[in-house]
1. Going by alpha carbons, how many degrees (0 to 90, nearest 10) lie between the helix axis of 74-86 and the longest principal axis of the chain?
2. When a/c is below 1.5 the answer is rounded, else prolate if a/b is larger than b/c, else oblate, so apply that to segment 83-169 with a ≥ b ≥ c taken from the square roots of the Cα gyration tensor eigenvalues.
3. Using alpha carbons only, how many angstrom separate the centre of segment 68-100 from the centre of segment 155-169?
4. Any idea what the dipole of the chain comes to, in debye rounded to 20, about its Cα centre with Lys/Arg Cβ at +1 and Asp/Glu Cβ at -1?
5. Going by average Cβ density within 10 Å per residue, which order do the peptides 102-109, 44-51 take, highest to lowest?
6. On a 0 to 90 degree scale, rounded to 10, what angle separates helix 155-166 from the longest Cα axis of the chain?
7. Going from most exposed to least, what order do ASP144, ASP94 have by accessible area with a 1.4 Å probe?
8. Taking 8 Å as the Cα distance limit and 6 or more residues as the minimum spacing, I'd like the relative contact order of the chain as a percentage.
Amino acid sequence: MSRPEPTPADPAADPSGAGPVHRYRVVPAAYVLLLRPDDDGVDHVLLQLRAHTGFMDGHWACGAAGHVEAGESVLQAALREAREELGIRIAADDLLPLTAMHRTQRSGLAVDERVDFFLACRRWTGEPSLREAKATDLRWVRLDRLDSLTEPVVPHERQVLAALAAGAVPAVMTFGFPAP
């Protein structure tokens, strides 16, 4: 049995995601974790301090991340976000998949249902710098010293960074759901 096409009054037709969760609606996002090793081999990750966005302002977050736009792949989104936010160029072949995270804020709104693709990158062209007003600081932080930051790390991103620091990043992670 097929589902009828949504009508404009149908919340499932709401492209903003502000309506209720529809059966197959999730918001995809790409996260680029720029990594470079310290002299002792421990990785540093580039983080930005969020500001002026209305979401997790005052929290450290991955250096480049954002929504996958209509018509682009998650890899294209990752490359675009790195260019727009940090002014660097990355070859698609230099993006290494880390994990996919299915997360929810359990609000009942489609905009709060997410699938995040975390990609590591160890090679790029250019020097990363802040290019947008959505961040006020940019810092390389040792993965094993995230607790040294005075501001918190965005919780779902911290979960991935902690797994990376421990050397055990599962292919799929969840956040906000009850334990299975």
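The values are calculated or read from the model by the stated rules, or taken from the named source; none is laboratory data. Because the structure is a prediction, the values reported are computed rather than measured. FYI the Cβ positions are ideal-geometry reconstructions off the backbone, even for glycines, and counts take in every protein chain you see. Please note that ligands, DNA and RNA were not included when accessible areas were found on the heavy atoms of the full protein model with its side chains. Shrake-Rupley method; radii C 1.70, N 1.55, O 1.52, S 1.80 Å.
1. Roughly 50 degrees, rounded to the nearest 10.
2. rounded
3. Taking the Cα centre of segment 155-169 as reference, the centre of segment 68-100 is 20 Å away.
4. Dipole about the Cα centre, nearest 20: 240 debye.
5. Numbers: 102-109: 14.6, 44-51: 20.2.
So the order, starting with the most tightly packed, is 44-51, 102-109.
6. It works out to around 40 degrees.
7. ASP144, ASP94
8. Relative contact order of the chain: 28 percent.
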